[in-house]
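Here is the structure we will look at.
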Amino acid sequence: MKLTGVELRTIEMPLVAPFRTSFGTQTVREILLLRAVTDDGEGWGECAAMSDPLYSSEYVSASADVLRTFLIPALAACERLDAHQVAPALQKFKGHRMAKAALEMAVLDAELRTRGVSFARELGAVHDQVPCGVSVGIMDTVPELLEAVGGYVDAGYLRIKLKIQPGWDVEPVRAVRERFGDDLLLQVDANTAYTVADARHLARLDPFDLLLIEQPLDEDDILGHAELAKTVRTPICLDESITSARSAADAIALGACQIVNVKPGRVGGYLEARRIHDVCAAHGIPVWCGGMLETGLGRAANVALAALPGFTLPGDTSASDRYYRTDITAPFQLDDGHLAVPTGPGLGVEPIPDLLEAVTVHTEWLPL
């Protein structure tokens, strides 16, 4: 293919309810979308960056700038472009994995649509549906939390993830476990809110038989996670610390994690996400697919990834209505705790023009 132009589109999607983590509270999700146009067709990409550099150093306006100034022009120089050439073509530019991932996703979608091949088939999926978990934000009160969890359990979600932070950890977990019983698949996510000095406190979560505790320490504290694993019986899962297949292999070798959360945006794209899956599978480390409050575009790609054989734990691939009253694609709907893997060419979904236009706040066409 030859890249002939890229549209950058910023949209704002109101959330059905505020989503609070240790980083802060979101009520609207600002999202950067890409439409890559080639001489063979077009494809869509979605950037996982948020409005502010809180989850990572990347943020929406910076992602748009680096795409416009450096990444897109670098791809335009490729005479015969395919998705596997994206990462090598962009390698000289340091960081900006979420922006790179969005561009790779758009190119891969365009390529696969032309070939008539789905994301799932290209990535190596072995399932036609994936089990779904849901992420529950920090609440003002425990009764409010119990009501929210009860609603998700009634909706059919197979796993509950609770966001935690110092002052909101042991008691909320205890309350959920006591209310919903030992059979509920339950895990927690700290989003780097603790330090190694909190090891004994975090060990108080061990009696609740959690699937895992996700990213308790700072993202660059790999040795701290290895040390924490000696004190805490609950399996340690790394999220922000895993930025590549190499970093996953290093963390595993150091004993810093027993489980890995794979987020394609965080690692630079779906092809690198597949390599992380392969590294973890070779070491017997379970993986699951994390979420970044994606639209139906990113959700479609994540569901395809989560259908690979090593994704043995329910991911954060929730139904569309978990976050948005109206998605920009046909909604993903929960069916007995599962989402169907799209089978159409490329992502298998595309934006509905009227719905997309209703949430668009800015567009920019970059001819090449």
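Points to keep in mind about this one:
- Along region 122-139 the Karplus relation, 6.51 cos²θ - 1.76 cosθ + 1.60 evaluated at θ = phi - 60°, assigns HN-Hα couplings of 5, 7, x, 5, 10, 10, 9, 8, 10, x, 10, x, 9, 9, 10, x, 5, 10 Hz to successive residues, with x for each Gly and Pro.
- Nearest 10 degrees, 0 to 90: helix 170-180 Cα axis against the chain principal axis: 90
- Antiparallel bridge percentage (DSSP; both residues within region 121-340; nearest 5): 20
- Working note: Karplus 6.51/-1.76/1.60 with θ = phi - 60° gives region 263-271 the couplings 10, x, x, 5, 9, x, x, 6, 6 Hz, where Gly and Pro are set to x.
- Between 0 and 90 degrees, the angle of helix 142-155 with respect to the longest Cα principal axis of the chain falls at about 60 degrees.
- Beta bridge orientation in the chain: antiparallel %, DSSP, nearest 5: 60
- Backbone amide hydrogens, once placed in the peptide plane, bring S118 within less than 5 Å of G346, excluding anything fewer than 5 places away on its chain.
- Cα-derived Rg to Rh of the chain, Kirkwood definition: 0.96
- Computed from Cα positions, the angle between helix 97-115 and the longest principal axis of the chain comes to roughly 60 degrees.
- Expected-Rg normalisation [2.2 N^0.38 Å, Cα atoms] applied to region 133-172: 1.11
- Note on the chain: with a GNM built from Cα contacts shorter than 10 Å, the maximum mean-square fluctuation among A77, A248, A319 falls on A77.
- Cβ-based exposure ranking for S320, S63, in which fewest neighbours within 10 Å come first: S320, S63
- Debye log10 I(q)/I(0) for region 243-368, one point scatterer per Cα, at q = 0.12, 0.14 Å⁻¹: -0.52, -0.67
- Rg to Rh quotient for region 121-340, alpha carbon positions, Kirkwood Rh: 0.95
- Among G133, I164, A120 - extreme Cα towards positive end, dipole of region 75-165, charges at beta-carbon: A120
- Residue of T234, T69, T21 that the Gaussian network model of the chain assigns the largest fluctuation, springs spanning Cα pairs under 10 Å: T69
- For L162, the residues 5 or more places off, or on other chains, whose built amide H falls under 5 Å of its own are V136, Q187, V188, D189.
- Summary value for the chain: 22 percent relative contact order, contacts being C-alpha pairs under 8 angstrom separated by 6+ residues.
- Separation of region 234-264 from region 306-323 is 18 Å, based on Cα centroids.
- In the elastic network of the chain, a GNM with C-alpha springs shorter than 10 Å, the most mobile of L162, L238, L205 is L205.
- For region 16-67 and region 161-210, distance of Cα centres in Å: 29
- Per-residue HN-Hα couplings for region 43-52 [Karplus 6.51, -1.76, 1.60; θ = phi - 60°; Hz; x = Gly/Pro]: x, 10, x, 10, 8, 7, 4, 9, 5, 10
- Other-chain or far-sequence residues with amide H under 5 Å of G5's (modelled H): V37, L368
A short reminder: the numbers here are calculations on the coordinates, not readings from a lab. Given the structure is predicted, the values throughout are model-derived calculations rather than measurements. Cβ: placed from backbone, ideal geometry, glycine included. Neighbour counts: every protein chain shown.
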